[in-house]
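Notes to accompany the following structure.
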């Protein structure tokens, strides 16, 4: 396959230089994350939230208008088979399987997008997987054509702002300097930094604890709610709502959910029996957005700030 590349139009390439000069004169950093990242040379695209609490971005794939869910819980970018046919993708079938959270598995094919445009950024030669993902459109609209996954987010130095619904791309890819500057910017605004890592299945994980029991949770912007594996919930003392539970599944209540050094008290979660690859569970979009999550996939850090810890105007 060809080498994937990206380029962004960021207000005339002089923006980082001019913004830096303005900062020196004023002696202060910008208040908004969007302004800060633009000064660092990032390009951005607005996200939308549809019914079902899914964040998505309008895109243009191979010249055709499309839309993709922003799904950090999906290891690779995945295009629905019907959409692949619609944009003229040639698909090479494999003998490998992709599996859902509860176990439904299907074989997938592989292909490559010649171009994928997202906001003011264009990616070229993007490898994708192709499978039947029609279930993501059974209830919600507008229609989505697939999932934009963690592999591409990491490769292109992406940052997802879950609360303010933006995704940012570093045209130069991941940058240690950009990661450090972002950490300093957010720490001064009350955010807690939680390191992320890829597990063997290429899922983004953080260290967490459920009622003091250490676990690892997948950071999943594509999950509408936080989900805990039924056996892990039982072992960690998670209580279930009696009227809503069956077979150890239902609505669970966690006295203390620790995400890195941040603790959420009286957390309500979904408890279910899930496939082995899910591990202990998923940190879903509701707690990510409620805690102003900044998912820095390029720098492998999750930043959270509880709603009561700082004014919204600093975001």
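For segment 137-157, indicate whether the set of residues that are over 17 Å from the mean Cα position of the chain (by Cα), without any contact (Cβ under 8 Å) to a residue 60 or more places away in the chain and part of a loop (DSSP other than H, G, I, E, B) is non-empty. There is at least one residue in segment 137-157 that is over 17 Å from the mean Cα position of the chain (by Cα), without any contact (Cβ under 8 Å) to a residue 60 or more places away in the chain and part of a loop (DSSP other than H, G, I, E, B). Across segment 297-310, the qualifying residues are those that are surrounded by fewer than 21 Cβ atoms within 10 Å (Cβ to Cβ) and in contact (Cβ under 8 Å) with a residue 12 or more places away in the chain, and the one among them that is nearest to the chain's Cα centre (by Cα) is 300. For segment 211-221, a residue qualifies if it is in a strand (DSSP E or B) and farther than 15 Å from residue 287 by Cα, and the qualifying residues are 213, 214, 215, 216.
Note on segment 57-107: residues that are part of a strand (DSSP E or B) and either farther than 21 Å from residue 272 by Cβ or out of contact with any strand residue (DSSP E or B) (no Cβ under 7 Å at 6 or more places or on another chain) (or both) total 20.
Of all the residues in segment 224-237, those that are modelled with pLDDT of 95 or more and within 19 Å of residue 149 (Cβ to Cβ) number 1.
Within segment 223-235, the residues that satisfy the criterion of being surrounded by fewer than 22 Cβ atoms within 10 Å (Cβ to Cβ) and assigned to a loop (DSSP other than H, G, I, E, B) are 224, 225. From the list 211, 170, 199, the one residue that fits, being loosely packed, with under 15 Cβ neighbours inside 10 Å and either in contact with a strand residue (DSSP E or B) (Cβ under 7 Å, 6 or more places away or on another chain) or within 16 Å of residue 296 (Cα to Cα) (or both), is 199. Within segment 241-248, does at least one residue satisfy the condition of being surrounded by 14 or more Cβ atoms within 10 Å (Cβ to Cβ) and either in the same structural domain as residue 135 (by TED's automatic domain parsing) or in a strand (DSSP E or B) (or both)? So far as segment 241-248 goes, no, none of its residues is surrounded by 14 or more Cβ atoms within 10 Å (Cβ to Cβ) and either in the same structural domain as residue 135 (by TED's automatic domain parsing) or in a strand (DSSP E or B) (or both).
Yes/no per residue for (1) part of a loop (DSSP other than H, G, I, E, B); (2) outside the structural domain of residue 294 (by TED's automatic domain parsing):
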{"residue": "113", "(1), (2)": "no, yes"}
{"residue": "116", "(1), (2)": "no, yes"}
{"residue": "181", "(1), (2)": "no, yes"}
{"residue": "202", "(1), (2)": "yes, no"}
{"residue": "206", "(1), (2)": "no, no"}
{"residue": "209", "(1), (2)": "no, no"}
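Please find, among 264, 294, the residue that is assigned by TED's automatic domain parsing to the domain that holds residue 225, crowded, with 24+ Cβ neighbours inside 10 Å and touching a residue at least 12 places away in the same chain (Cβ under 8 Å).
Result: 294 is the single residue among 264, 294 that is assigned by TED's automatic domain parsing to the domain that holds residue 225, crowded, with 24+ Cβ neighbours inside 10 Å and touching a residue at least 12 places away in the same chain (Cβ under 8 Å).
The set of residues in segment 87-113 being at pLDDT 90 or above and surrounded by 15 or more Cβ atoms within 10 Å (Cβ to Cβ) consists of 87, 89, 91, 108, 109, 110, 111, 112, 113. I'd like the residue in segment 275-305 that is in contact with a strand residue (DSSP E or B) (Cβ under 8 Å, 6 or more places away or on another chain) and part of a helix (DSSP H, G or I) and, out of all such residues, is nearest to residue 218 (Cα to Cα). Top of the filtered list is 278.
The values are calculated or read from the model by the stated rules, or taken from the named source; none is laboratory data. Small disclaimer: the values here were computed from a predicted structure and weren't measured. Neighbour counts are summed over all protein chains in view; Cβ atoms, including those assigned to glycine, are modelled from backbone coordinates with ideal geometry.
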